[in-house]
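First up is the structure itself, then whatever we jot down about it.
The values are calculated or read from the model by the stated rules, or taken from the named source; none is laboratory data. Nothing here was measured: the structure is a model prediction, and the numbers come from that model. Here the Cβ positions follow ideal geometry from the backbone for every residue, glycine too, while neighbour counts run over all protein chains shown. With ligands, DNA and RNA removed, areas are computed over all heavy atoms of the protein, side chains included. Shrake-Rupley method; radii C 1.70, N 1.55, O 1.52, S 1.80 Å.
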Amino acid sequence: QVQLVESGGGLVQAGGSLRLSCTASGRSFSTYAMGWFRQAPGKEREFVTAISWSAGYTYYTDSVKGRFTISRDNAKNTVYLQMNSLKPEDTAVYYCAAAPFGPWTDKYGYKYWGQGTQVTVSS
């Protein structure tokens with residue numbers, strides 16, 4: 001069992017930056033691939049980025065490439081999402097997720113989910 005808690009969300013102006021954190025409790029965090037997803041009001045939850053257990057592989061959806069960076073610190077059981085050059089269309093609840101295999105770009109590949117953290121980007 002893995003419990004995930006996100007933090008770092010908030011309100012920021014367009015062009016600004018935020019850093020989200022997701023801390024895991026439970027065993028074997030370092031063996032899990034981790035992903036970030038987001039869900040805007042009235043929309044489906046969508047893939048943002050993912051990282052392999054060793055951090056050797058990362059994946060990004062096209063709309064965030066060059067602006068967002070995923071990283072992890074297995075010693076701290078934490079995965080990070082650095083978000084730069086934020087746009088109003090990045091406004092959503094951001095969720096981290098853990099997968100025993102992967103990483104996956106499909107939400108159905110993830111077994112554990114956090115409760116989410118709100119990111120709001122004002123224009």
* Asked: Taking only the alpha carbons of the stretch 19-123, what extent do you get along each of the three principal axes, in Å, biggest first?
  -> 40, 25, 22
* Considering only CYS96, GLY42, PHE68, whose Cα is most displaced toward the positive end of the charge dipole of the chain, charges sitting on Cβ of Lys, Arg (+1) and Asp, Glu (-1)? -> CYS96
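Grab the other residues whose beta carbon is less than 11 angstrom from that of TRP113, score K and R as +1, D and E as -1, and report the net. It would help to have the intermediate numbers written out before the result.
Working: positive: ARG45, LYS107, LYS111; negative: GLU6.
Result for the local shell: +2.
Determine the share of the chain's accessible area contributed by carbon and sulfur atoms, expressed in whole percent, with a 1.4 angstrom probe. Working shown, then result.
On the way: 3120 of 6410 Å².
About 49 percent, which is the carbon plus sulfur part of the accessible surface.
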* Top mean-square fluctuation among PRO41, PRO100, PRO88, Gaussian network model of the chain, C-alpha springs under 10 Å? -> PRO41
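Just the accessible area per residue of the stretch 75-123, please: how many Å² with a 1.4 Å probe? Working shown, then result.
Numbers: 2460 Å² over 49 residues.
That works out to 50 Å² per residue.
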* Give me the distance between the Cα centres of the stretch 79-112 and the stretch 19-72, rounded to whole Å. => 4
* Structure fact -> Residue by residue through the stretch 24-32, the couplings from Karplus 6.51 cos²θ - 1.76 cosθ + 1.60 with θ = phi - 60°, in Hz, x for Gly and Pro, are 10, 10, x, 9, 6, 3, 5, 9, 9
